[in-house]
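The values are calculated or read from the model by the stated rules, or taken from the named source; none is laboratory data. For clarity, every value in this text was computed on a predicted model and none was experimentally measured. Methodologically, a virtual Cβ is constructed for each residue, glycine included, from the backbone with ideal geometry; neighbour enumeration extends over all protein chains shown. With ligands, DNA and RNA removed, areas are computed over all heavy atoms of the protein, side chains included. Shrake-Rupley method; radii C 1.70, N 1.55, O 1.52, S 1.80 Å.
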Amino acid sequence: MQVGIDKIHFATSHLYVDMTELARQRGQAPDKFLIGIGQSQMAVIPPSQDLVTLAANAAYPMLTAEDAAAIDLVVVGTESGIDHSKASAIYVARLLGLNRRCRTIEMKEACYAGTAGVQLASDHVRVHPDKKALVIGADVARYGLNTPGEPTQGGGAVAMLISANPRVLAIDTESTVLSQDVMDFWRPPYRTEALVDGKYSSNIYIDYFQDVFKGYLEQTGTSANAFDALIFHLPYTKMGLKALRSALPMVSETQQQRWIAHFEASRKLNRLVGNLYTGSLYLSLLSLLIADPNLKAGDRLGLFSYGSGAEGEFYGATLQADYQQGIDLGLPQRLARRQRVDVSAYEDCFNGQLAWQPANQTLPTHNDPHRFILTGQKDQQRQYLDRCN
Ligand code: HMG
């Protein structure tokens, strides 16, 4: 029996900032952001969206009543948590109207937690093939205005339905992981922005990729040429390109050209959104599946997941014949319809997030077109609204 991703769907905000404009405002050459970082647009997350609303907005369009009845596990991978105790997955399950006989948990290990959720959910379904699991990677990437990390911000959520006989991707049972205590990126509980040693983190990312990719090939006796495409966690799209380039000498020239062409498709949508931490690898997967005309059933994909701190995993998966039926085909059009905001409006959004203080707060919500929104805080409880209820 095969287990893996049956459906995959993405949500971000309706706002973006143009990277050429941001570069000019920051006194940088636009090509540094467009080519050096590899980002063209960046999602601007308004105060009325947080990881919970992004997660619910990503999941609801793909779930049928039959799916909802079969889901007995909800995992939200995130590092943008809104509570030290209560799992964001509980809010998400309530907003989605899911079954109460359901395990609902939040997972954390920086950007790696989405993959931790996918692997946990896949093992769960292997034991309970009549059940389905909902895994969501949802985050808002925040480094601070006018910081080196600023052009690598962004946000959004990728929701995946994990089932037996999946339509999109069958996930292998074998994978290679690496976990060590590394201080490349972290966020103490009193901060809303990450602390990062940017260059160090980029070097560690490459080291981890090399370690788990080569480790996987040795462990499984697989040749690098066996993979039709490699996809990567994309904190910024140049990062994935650097990792890909580090692996090119391992394959034939024809295969190198194929990998590069697939990689270009896999970063197309990430270029328009920015980093979404736990969801970034899976937005890249979606980008590949939507934008690449040369994929075919049976293609072998290699997925590299990385979370600072640091944990990495490389695993293989096989593209299924009906994958077009399980993917978010309307995504490019939705991204194209987003509203461009200037740098000043982006800064207002950045600074206007719900404050970490006990007072009641009301957030501006009238321009936010999404179904699930955060309206504020009352009696120290976040207030979520489902516009369809
Ligand atoms: P920086 O110091 O501003 O940039 O920070 P730089 O000076 O290194 O320039 C960046 C690139 O632009 C360089 O290319 C320049 O040459 C090029 P590279 O040498 O790297 O190939 N450049 C130009 N190219 C064309 N035309 C020009 C031009 N000027 C310069 N005119 C940095 C960059 C990524 C370090 C910063 O944005 C940062 O700290 N970002 C956040 C950290 C990060 O994303 N790390 C990635 C690995 S860690 C990870 O993936 C985990 C993470 O997602 C978190 C998690 O797990 O939760 C971050």
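Some observations on this one:
- Most mobile of Ala229, Ala157, Ala29 in a GNM of the chain (Cα contacts under 10 Å): Ala29
- Ranked order, Arg100, Arg24, Arg371 - accessible area, probe 1.4 Å, largest first: Arg100, Arg24, Arg371
- Per-pair calculated FRET efficiency, R0 = 35 Å: Gln357 and Asn146 via Cβ, rounded to 0.05: 0.90
- Glu79 sits among other residues whose Cβ lies under 14 Å from its own Cβ, and their net charge, with Lys and Arg +1 and Asp and Glu -1, is -4.
- Dipole of the chain, positive end: most advanced residue of Thr254, Thr173, Ala29 [Cβ charges, Cα centre]: Ala29
- Of the whole protein surface, Leu22 contributes about 0 Å² of accessible area at a 1.4 Å probe radius.
- Cβ-derived FRET efficiency at R0 45 Å, Arg337 paired with Asp207, nearest 0.05: 0.70
- Rolling a 1.4 Å probe over the protein heavy atoms of the chain, with every protein chain left in place, gives an accessible area that is 48 percent carbon and sulfur.
- Computed over protein heavy atoms with a 1.4 Å probe, the accessible surface of the chain works out to 41 Å² per residue.
- Among the protein heavy atoms, those of Cys388 account for about 90 Å² of accessible surface (1.4 Å probe, every chain in place).
- The calculated Kirkwood hydrodynamic radius for the range 147-198 is 15.5 Å, given to one decimal from all distinct C-alpha pairs.
- Over the chain, DSSP H runs of length four or greater, each weighted -39,500 (n - 2.57), average out per residue to a 222 nm ellipticity of -10000 deg cm²/dmol.
- All aspartates and glutamates inside 12 Å of Lys132 as judged from Cα atoms, apart from same-chain residues fewer than 8 positions distant: Asp6, Glu66, Asp67, Asp72, Asp123
- Local electrostatic count at Trp259 - Lys and Arg +1, Asp and Glu -1, tallied over other residues with Cβ under 15 Å: 0
- Fraction of alpha-carbon pairs over 36 Å apart in the chain - percent: 17 percent
- Cα centroid separation - the range 364-382 against the range 78-107, whole Å: 17 Å
- Choice from Trp356, Trp186, Trp259 showing the highest fluctuation, given a GNM over the chain with Cα pairs closer than 10 Å: Trp356
- Gaussian network model of the chain, springs between alpha carbon atoms under 10 Å - residue of Val135, Val251, Val75 with greatest fluctuation: Val251
- Taking a Cβ cut-off of under 11 Å around Glu311, the surrounding Lys, Arg, Asp and Glu residues balance to a net charge of -2, with basic ones at +1 and acidic ones at -1.
- Assigned charges on the beta-carbon of Lys, Arg, Asp, Glu; the range 171-323 dipole about Cα centre (debye): 560 debye
- Normalised by 2.2 N^0.38 Å, where N is the number of residues, the C-alpha radius of gyration of the range 36-109 stands at 1.26.
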